[in-house]
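Remarks on the structure that follows.
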Amino acid sequence: MKDTKAPKLSRRQNIIQAVKFTIFSASAGIIQIGTFTLLERLTDLSYWAMYLPALILSVIYNFTINRRFTFKSANNVPVAMLKVLCYYLVITPLSTWWGDALTKGPGWNEYLVLIGTMLINFITEFLFDRFFVFGKSINTNELGIKENEREAQLQKK
């Protein structure tokens, strides 16, 4: 029977994982802000119409890179993507609503709202990915197996 418990990571592994997620999320943020800026400069679309395509591009990139290099997961890609889709089925309508409301109502700066939304997304998505999407499959791809072997060697010393 396959072990369904989440792997026990060392403190060092947890820190490295959080740092990698932060770096990769920042690069996804560059994709999101770049797309948003391009749409803002080249069109007269409303906030939500600029936000959604920028979000979709960053999510696809972030999922792909974090699955492979941060969580090192060999889990079923369609199942993992479905779990991430469930997260975004909740966060996207909420963030689109509050973004549109804050930029139209009180007239907050679009980029201030976008960055605030990205920070909320960063924290909640890390927790969701770490414990729900990839929790039981961390370090199961070839990179993760090698890391587990290195970590075991470190523990022996």
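Some points to look at:
- Matching option when the condition is touching a Lys or Arg at 6+ places or on another chain (Cβ under 6 Å), modelled with pLDDT of 95 or more, polar (S, T, N, Q) and on the phi < 0 side of the Ramachandran plot, among T70, T124, T64: T70
- Take the conditions (1) buried (at least 18 other Cβ atoms within 10 Å of the Cβ); (2) over 22 Å from R11 (Cβ atoms); G116 misses just one of them, which is (1).
- Residues being charged (D, E, K, R), surrounded by fewer than 16 Cβ atoms within 10 Å (Cβ to Cβ) and assigned to a helix (DSSP H, G or I) - total across segment 25-60: 1
- Pairs, first surrounded by fewer than 13 Cβ atoms within 10 Å (Cβ to Cβ) and assigned to a helix (DSSP H, G or I) in segment 5-24, second modelled with pLDDT of 95 or more and among the hydrophobic types (A, V, I, L, M, F, W, C), C-beta under 6 Å, six or more apart: none
- Unique residue being surrounded by fewer than 18 Cβ atoms within 10 Å (Cβ to Cβ) and not in a helix (DSSP H, G or I) when the list is K146, K136, K72: K136
- Residue list for segment 86-108, filter: under 13 Å from F132 (Cβ atoms) and exposed (fewer than 14 other Cβ atoms within 10 Å of the Cβ): C86, V90
The values are calculated or read from the model by the stated rules, or taken from the named source; none is laboratory data. Model, not experiment: these values are computed from the prediction. No Cβ is skipped: glycine too gets one built from the backbone with ideal geometry, and neighbour counts run over all protein chains shown.
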